[in-house]
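Asker: Pasting a structure here, questions to come.
The values are calculated or read from the model by the stated rules, or taken from the named source; none is laboratory data. Worth saying up front: this structure is predicted, and the values here are computed from it rather than measured. In this analysis, Cβ positions are derived from the backbone assuming ideal geometry, glycine residues included, and neighbour counts consider all displayed protein chains. Remember, those area values only see protein heavy atoms, side chains included, never the ligands or the DNA or RNA. Shrake-Rupley method; radii C 1.70, N 1.55, O 1.52, S 1.80 Å.
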Amino acid sequence: MGPKMLTRFAPSPTGELHLGHAYSAVLAHAAARGAGGRFRIRIDDIDGSRSREEFVAAALADLAWLGLDRDGDPVRQSDRLGDYVAALDDLRARGLVYPCFCTRADIAASLSAPHGPSGATYPGTCRNLSDAERARRMAAEPHCWRLDMTRAAALAGDLKWEEMEQGLRTAAPLAHGDIVLARKDAPASYHLASTLDDAAMGVTHVIRGADLIASTDIHRLLQALLGLPAPVYRHHALVCGPDGKRLAKRDAAASLKGLRDAGIDGRALAADLAADRLPTGYSLQNP
Ligand code: GLU
């Protein structure tokens with residue numbers, strides 16, 4: 001028997017949570033509780049310029065209103081920067097990452113940049129700089145750290161993950177190109193931080209929206225490179241609004257704080273969401 005199930009909900013405190021977040025949190029909570037497992041919260045606050053404390057407090061209040069009890073204190077990415085730095089050091093020592101000095105404008109100007117599953121793929125401008133040039137520019141210019149995807153993917157070999165109730169999926173990280181693992185303004189990208197955190201928290205099942213399925217190609221690769229266990233995944237359908245489009249943080253009508261302030265019963269809403277019943281006008285769609 002494997003370890004007891006542990007799921008998580010990991011909001012970014014950059015805005016109010018909406019019905020789509022509630023659906024994700026409810027599914028993760030229900031899966032854990034249904035299996036006698038644990039449910040944890042992580043605050044994805046690595047983006048210091050966009051994260052706000054008021055949104056952390058609002059997210060925790062929303063989850064309490066939905067009746068989603070959690071195990072342990074919320075984990076905060078801003079408390080885990082040392083782990084991210086250590087993992088990057090490890091990859092650097094193995095020659096799997098390189099510093100990149102390109103600006104967004106440099107990358108946009110590159111005619112050859114094709115599009116991959118997570119946006120424009122990096123044209124590789126800084127991949128083959130000499131050690132001397134790297135050292136000189138690192139002293140003087142802001143830089144991010146990119147994964148040398150060709151080397152990394154070759155080292156890791158064929159990778160699969162288990163998608164809940166669907167079986168094995170093949171990870172296809174190469175198509176993403178040389179992704180950023182540490183940003184100019186933050187010691188880790190979403191990919192690196194999320195992968196390390198899920199492992200450190202002992203997450204056995206990652207339950208999140210289908211909009212993040214392409215990220216799993218990368219997360220699975222990072223797990224292999226860093227010797228981390230691979231959780232099971234479930235990428236669920238996305239909640240769409242009356243206009244048929246998936247909800248965004250700007251959709252005030254679906255904000256949980258708004259529903260909470262309007263006196264809606266959060267526990268009843270959570271029970272409905274757990275049974276895929278959405279409020280009138282909302283629907284679930286697979287992208
Ligand atoms: N913090 C991410 C978001 O709000 C979710 C990360 C994840 O579930 O892996 O989109």
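Asker: Taking the stretch 136-169, which residues are in a loop (DSSP other than H, G, I, E, B), modelled with pLDDT of 95 or more and not hydrophobic (A, V, I, L, M, F, W, C)?
Answerer: Passing the criteria: 141, 142, 143, 148, 157, 158, 166.
Asker: All but one of (1) surrounded by fewer than 18 Cβ atoms within 10 Å (Cβ to Cβ); (2) touching a helix residue (DSSP H, G or I) at 6+ places or on another chain (Cβ under 6 Å) hold for residue 93, so report the exception by its number.
Answerer: (2)
Asker: If you don't mind, another one. Does the stretch 119-134 contain any residue that is within 23 Å of residue 77 (Cα to Cα), open to solvent by 60 Å² or more (accessible area, probe 1.4 Å) and among the polar types (S, T, N, Q)?
Answerer: no
Asker: For the stretch 222-233, name all the residues that are surrounded by fewer than 19 Cβ atoms within 10 Å (Cβ to Cβ), touching a residue at least 40 places away in the same chain (Cβ under 8 Å) and not hydrophobic (A, V, I, L, M, F, W, C).
Answerer: Those that are surrounded by fewer than 19 Cβ atoms within 10 Å (Cβ to Cβ), touching a residue at least 40 places away in the same chain (Cβ under 8 Å) and not hydrophobic (A, V, I, L, M, F, W, C): none in the stretch 222-233.
Asker: Here's another thing I want to ask about it. Return the only residue of 20, 2, 36 being surrounded by fewer than 18 Cβ atoms within 10 Å (Cβ to Cβ) and either modelled with pLDDT of 95 or more or within 13 Å of the ligand (Cβ to nearest atom) (or both).
Answerer: Step by step, each of 20, 2, 36 is checked, and only 36 is surrounded by fewer than 18 Cβ atoms within 10 Å (Cβ to Cβ) and either modelled with pLDDT of 95 or more or within 13 Å of the ligand (Cβ to nearest atom) (or both).
Asker: Name the single residue that is farthest from residue 85 (Cα to Cα) among those in the stretch 162-197 being touching a Ser or Thr at 6+ places or on another chain (Cβ under 9 Å) and of a type in the set (Asp, Glu).
Answerer: Among residues in the stretch 162-197 that are touching a Ser or Thr at 6+ places or on another chain (Cβ under 9 Å) and of a type in the set (Asp, Glu), the one farthest from residue 85 (Cα to Cα) is 163.
Asker: Also: Residue 50 fails exactly one of the following numbered conditions: (1) at pLDDT 95 or above; (2) closer than 17 Å to residue 11 by Cβ; (3) open to solvent by 30 Å² or more (accessible area, probe 1.4 Å). What is the number of that condition?
Answerer: Condition (1) is where residue 50 drops out.
Asker: If you don't mind, there's one more thing I want to ask. Output yes when any residue across the stretch 46-56 is within 16 Å of the ligand (Cβ to nearest atom) and closer than 30 Å to residue 151 by Cβ, and no when none is.
Answerer: Checked against the condition, which is being within 16 Å of the ligand (Cβ to nearest atom) and closer than 30 Å to residue 151 by Cβ, the stretch 46-56 yields at least one hit.
Asker: Something else now. Hey, could you check the stretch 209-233 for residues that are part of a loop (DSSP other than H, G, I, E, B) and either out of contact with any Ser or Thr (no Cβ under 9 Å at 6 or more places or on another chain) or closer than 25 Å to residue 30 by Cβ (or both) and say which is farthest from the ligand (Cβ to nearest atom)?
Answerer: Top of the filtered list is 227.
Asker: When the stretch 100-158 is examined, which residues are found to be in contact with a strand residue (DSSP E or B) (Cβ under 7 Å, 6 or more places away or on another chain), of a type in the set (A, V, I, L, M) and within 19 Å of residue 225 (Cβ to Cβ)?
Answerer: Passing the criteria: only 147.
Asker: What single numbered condition from (1) at positive phi; (2) open to solvent by 50 Å² or more (accessible area, probe 1.4 Å) fails to hold for residue 79?
Answerer: (1)
Asker: Let me ask something additional. Please find, among 192, 181, 174, the residue that is surrounded by 19 or more Cβ atoms within 10 Å (Cβ to Cβ), in a helix (DSSP H, G or I), more than 9 Å from the ligand (Cβ to nearest atom) and modelled with pLDDT of 95 or more.
Answerer: 192
Asker: Right, next: Please work out which residue is farthest from the ligand (Cβ to nearest atom), limiting yourself to the stretch 234-256 and to residues that are in a helix (DSSP H, G or I) and open to solvent by 30 Å² or more (accessible area, probe 1.4 Å).
Answerer: My answer is 253.
Asker: Mind listing whichever residues of the stretch 195-208 are assigned to a strand (DSSP E or B) and either surrounded by fewer than 20 Cβ atoms within 10 Å (Cβ to Cβ) or more than 9 Å from the ligand (Cβ to nearest atom) (or both)?
Answerer: Residue satisfying the conditions is 205 alone.
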